[in-house]
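The values are calculated or read from the model by the stated rules, or taken from the named source; none is laboratory data. Quick caveat: nothing in here was measured; it's all calculated off a predicted structure. Cβ coordinates were reconstructed from backbone atoms using ideal geometry, including for glycine residues, and neighbour counts include every protein chain displayed.
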């Protein structure tokens, strides 16, 4: 497995987060992280106190990439600023 799929929400997250960055460098940074997650899908941690166990969290400081591992790919569900309280945001977006 070395492929990834971004949800519409994750694409929107990228668009919003890159506003204060060089867009090409920003997207390249995350593409590298997505490829790493796709190659090693168990790299991220589960956080059952925040959301269902099937979701995994990969920290790319100061951001967190939230994804699920599937047989042939990983699905990227969100890219969020990890410096905020993720609990309320995740309960709205992932459950």
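For this structure, a couple of remarks:
- Out of 39, 54, 93, sole residue that is over 10 Å from the mean Cα position of the chain (by Cα) and modelled with pLDDT of 95 or more: 39
- Residue ID - surrounded by the fewest Cβ atoms within 10 Å (Cβ to Cβ), chosen from residues in the range 60-83 that are free of Cβ contacts under 8 Å to residues at least 24 places away in the same chain and within 17 Å of residue 18 (Cα to Cα): 61
- Scanning the range 22-33 for residues that are closer than 18 Å to residue 55 by Cβ, in contact (Cβ under 8 Å) with a residue 12 or more places away in the chain and part of a helix (DSSP H, G or I) turns up at least one hit.
- For the range 8-21, filtering for residues that are touching a helix residue (DSSP H, G or I) at 6+ places or on another chain (Cβ under 9 Å) and either outside any helix (DSSP H, G or I) or over 18 Å from residue 62 (Cα atoms) (or both) leaves 2.
- The combined condition, being assigned to a helix (DSSP H, G or I), at negative phi and either touching a residue at least 24 places away in the same chain (Cβ under 8 Å) or exposed (fewer than 12 other Cβ atoms within 10 Å of the Cβ) (or both), is fulfilled by residue 88.
- From the options 34, 55, residue that is surrounded by 18 or more Cβ atoms within 10 Å (Cβ to Cβ), closer than 18 Å to residue 91 by Cβ and in contact with a strand residue (DSSP E or B) (Cβ under 7 Å, 6 or more places away or on another chain): 55
- Filtered residue count, the range 43-83, keeping only those that are touching a helix residue (DSSP H, G or I) at 6+ places or on another chain (Cβ under 9 Å) and part of a loop (DSSP other than H, G, I, E, B): 8
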